Amino acid sequence: MSRPAGRTDWAADDEEDELPQNQIIKNKDGTETIITYAVREDGKKIKTTRRIKKSVVKQIVNPRVAERKHWEKFGQEKGKPAGPQTDTVSVAENIVFRPTANWKASSDDKSEADKKKTDLKQAKIKCRICSGDHFTTKCPFKDTMGVADDATPAEMPDDAPQAGGAGAGSGSYVPPHLRGRGAGGGEKMGGKYERDDLATLRVTNVSEIAEEQDLRDMFSRYGHVTRVFLAKDRETGRAKGFAFVSYADRSDAAKACEKMDGYGFGHLILRVEFAKKPDGK
Amino acid sequence: MTAHFNTKTSISEVGSVKIHKSCPTPHTPSDTSPHIRYIIMRPILLSGHERALTQVKYNPDGDIIFSVSKDHVVCAWYSHNGERFGTYHGHQGALWTVDVDPTSTLLATGGADNTMRLWEVKTGRLLKTWEFPTSIKRVEFSADGRQLLGVTERRSGHTGSIVVYEINPDVEAEQADEHVLRIICEDSKATVAGFSYLAQYIIAGHEDGTVSQYDGKSGELLYNTQVHEPDVQNQITDLQWAPDRTYFITASKDKSAKILAADSLEVFKTYQTDTPLNSAAITPVKDFVILGGGQAAMDVTTTSARQGKFEARFWHKIFAEEIGRVRGHFGPLNYVAVHPQGTGYCSGGEDGYVRVHHFDKPYFDFLYEVEREQLQAQSNL
């Protein structure tokens with residue numbers, strides 16, 4: 001859009017350090033090109049080129065109105081040229097306004113919060129204790145009844161969204177795949193095997209070279225061991241020094257605890273006690 | 001309006017703003033399906049004020065918009081292109097209210113500097129100042145322009161009152177110093193007031209949600225009725241008249257607007273919204289009302305613009321059903337005013353902007369199915 005004439009002006013501008021004349025160029029297609037120069041706040045000169053199309057809008061108005069249109073300006077506008085001033089008047093973005101007979105807030109724009117709320121309302125809420133339509137944590141029977149036994153992992157996807165960050169009542173965050181897992185809390189590392197914390201022993205001071213099978217052999221003497229978990233270092237593959245052993249029966253576990261505590265195994269003396277839940281229940 | 005319209009052609013000065021407007025318009029007239037009609041409006045943004053707008057008004061011909069804000073200055077704008085042609089200087093405090101007489105020669109304003117002032121519209125000359133012990137919350141001319149009322153605030157020992165002055169429509173004439181009527185509002189202060197048809201009644205909306213009707217001549221209280229929720233927080237924030245002043249609409253902080261008859265104070269229609277309302281206007285030509293409001297200004301910073309509900313709401317006047325909203329402001333709408341010929345409206349917001357909207361053809365085409373059927377039946381007769 002810049003024209004040769006404009007360029008010479010720029011040159012002159014550099015020498016004399018004053019702004020060139022504003023230009024109005026009439027184009028062939030009836031539009032006008034208006035070039036204005038101004039100094040910005042930071043001292044830089046700016047050139048604004050606007051190409052506009054003028055259209056005369058004829059309006060038949062009341063003579064009073066026509067007369068008022070030629071009033072002289074006063075106050076802060078005194079002496080300003082006719083037409084809207086750019087400092088007080090601007091044109092806003094287009095607005096789509098669509099009158100509709102059954103207009104609803106939802107049809108147009110709904111706030112995020114509202115949406116979330118309705119999503120939550122629509123989600124199926126089922127208590128795992130009494131199958132009522134409330135969260136398990138809010139269940140009136142939560143102290144008197146245990147979680148229903150049929151809360152198998154297969155059902156969990158249904159439950160997961162509502163358990164939310166509440167983490168089934170323990171107060172701490174529970175990852176989604178572990179949610180809805182019974183009484184909550186406990187040593188979760190065992191995953192789905194660990195059902196009954198009451199029959200689980202914590203074995204510490206285990207030798208580094210110990211294997212799960214060694215522990216299983218030793219502890220099987222006192223009853224049916226359902227699970228052995230030996231914590232291992234991920235990189236070296238060596239035992240970290242503690243393990244969990246679960247029994248099917250609590251009395252077996254108690255016997256094992258008694259006998260195995262202080263048992264020498266691989267230069268070290270085992271320490272065996274009942275596993276505690278992290279929250280000390 | 002009995003003035004015969006000359007066929008005199010006036011060529012509007014086409015400033016750059018106007019020209020942008022006339023660039024290819026994106027509205028689609030081809031879309032003729034009865035329910036889906038888009039109105040694309042390009043509002044003109046008037047940014048002459050530095051603080052929150054308190055009232056905006058069209059003159060009776062609709063060619064001028066007057067705006068007052070808390071920045072002490074009154075501005076006058078041409079409504080068709082947003083050009084500001086003058087400002088009125090003299091007030092020493094926030095302005096609450098403005099009104100123009102039917103001939104667009106006199107302008108009345110009231111504000112927190114405890115004065116009510118009269119100006120010459122054309123030149124910005126201050127003609128008269130009335131002083132009061134408290135601020136002026138609302139001024140309004142009667143339909144004939146011979147009377148001017150002002151609503152004074154209640155404060156420290158002064159009861160709220162409504163004062164009425166006789167106005168001489170001649171610019172050069174001396175205006176009366178003394179009021180001809182003073183109505184004391186003992187129980188609950190008046191927040192808004194206006195003259196009914198023929199100045200027969202003075203209708204006032206109160207702080208406690210009641211509306212009362214006073215005799216226009218004697219000032220005697222004729223009737224008082226609880227219209228909005230009776231709570232101090234639920235004051236009536238606006239009262240605007242239908243063109244013939246036989247009924248009016250009130251807006252209240254109790255989130256509703258109501259249309260009442262001027263002579264019986266019977267509630268005809270209720271428009272229940274979900275946000276406190278600051279203003280309500282009745283549109284001529286189409287049977288709509290426009291409601292403006294939003295969360296109270298002091299709570300605004302705690303929410304996003306979306307939740308603040310800073311939109312002009314269009315309701316159907318008769319079916320009392322919401323038909324659409326117009327976004328734009330980023331603060332609550334303090335006042336909405338409708339062009340007296342029904343061709344547009346403007347809104348003044350807490351954000352300091354006046355937005356002037358001109359309605360497009362689809363706005364006037366919009367009809368309910370029953371209205372359409374009725375028109376059909378009439379044309380078949």
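The values are calculated or read from the model by the stated rules, or taken from the named source; none is laboratory data. Since the structure is predicted, the reported quantities are computational estimates derived from the model, not experimental observations. Please note: Cβ atoms are built from the backbone with ideal geometry, for glycine as well, and neighbour counts cover all protein chains shown. Keep in mind that these areas ignore ligands, DNA and RNA; they rest on the heavy atoms of the full protein, side chains included. Shrake-Rupley method; radii C 1.70, N 1.55, O 1.52, S 1.80 Å.
A few notes on this one:
- On inspection, B:Q147 does not qualify as surrounded by 14 or more Cβ atoms within 10 Å (Cβ to Cβ) and more than 23 Å from the chain's Cα centre (by Cα).
- Among the residues of the stretch A:260-276, not a single one is among the acidic types (D, E), part of a helix (DSSP H, G or I) and at pLDDT 85 or above.
- Strands (runs of 3 or more DSSP E) lying entirely in the stretch B:186-294 (those with 3 or more residues that are surrounded by fewer than 22 Cβ atoms within 10 Å (Cβ to Cβ)): B:221-226, B:256-261, B:267-272
- A:K80 vs. criteria more than 7 Å from chain B (Cβ to nearest Cβ) and more than 23 Å from B:L46 (Cβ to Cβ): no
- Among residues of the stretch A:228-259 being among the aliphatic types (A, V, I, L, M) and either in a helix (DSSP H, G or I) or in contact (Cβ under 8 Å) with a residue 40 or more places away in the chain (or both), the one that is surrounded by the most Cβ atoms within 10 Å (Cβ to Cβ) is A:V245.
- If only residues of the stretch A:51-68 that are out of contact with any helix residue (DSSP H, G or I) (no Cβ under 7 Å at 6 or more places or on another chain), over 30 Å from B:E120 (Cβ atoms) and facing another protein chain (nearest Cβ under 7 Å) are counted, the one that is least open to solvent (accessible area, probe 1.4 Å) is A:V56.
- Any hit, the stretch B:214-223, residues being in contact with a His (Cβ under 9 Å, 6 or more places away or on another chain) and among the acidic types (D, E): no
- Candidate set from the stretch A:17-32 (those that are within 22 Å of A:K44 (Cα to Cα) and of a type outside the set (A, V, I, L, M, F, W, C)); member that is modelled with the lowest pLDDT: A:D17
- Number of residues in the stretch A:50-91 that are of a type in the set (A, V, I, L, M) and more than 24 Å from B:P102 (Cβ to Cβ): the value is 6.
- Selection within the stretch B:45-69 - in contact with a helix residue (DSSP H, G or I) (Cβ under 9 Å, 6 or more places away or on another chain) and either aromatic (F, W, Y) or away from chain A (no Cβ under 12 Å) (or both): B:A52
- Beta carbons closer than 6 Å, at least 6 apart along the sequence or on distinct chains, pair a first residue in the stretch A:37-61 that is closer than 30 Å to B:I64 by Cα with a second that is in a strand (DSSP E or B) and open to solvent by less than 50 Å² (accessible area, probe 1.4 Å) for A:R50/A:I34; A:R51/A:T31; A:R51/A:T33; A:I52/A:E32; A:K53/A:T31; A:V61/B:S10.
- Note on the stretch B:119-166: enclosed strands (runs of 3 or more DSSP E) holding 1 or more residues that are under 28 Å from A:Q76 (Cα atoms) are B:126-131, B:136-141, B:147-152.
- Enumeration of residues in the stretch B:80-99 that are more than 10 Å from chain A (Cβ to nearest Cβ), closer than 18 Å to B:D61 by Cβ and open to solvent by less than 10 Å² (accessible area, probe 1.4 Å): B:V98
- Among all positions in the stretch B:325-337, there is at least one residue which is open to solvent by 20 Å² or more (accessible area, probe 1.4 Å) and touching a Pro at 6+ places or on another chain (Cβ under 9 Å).
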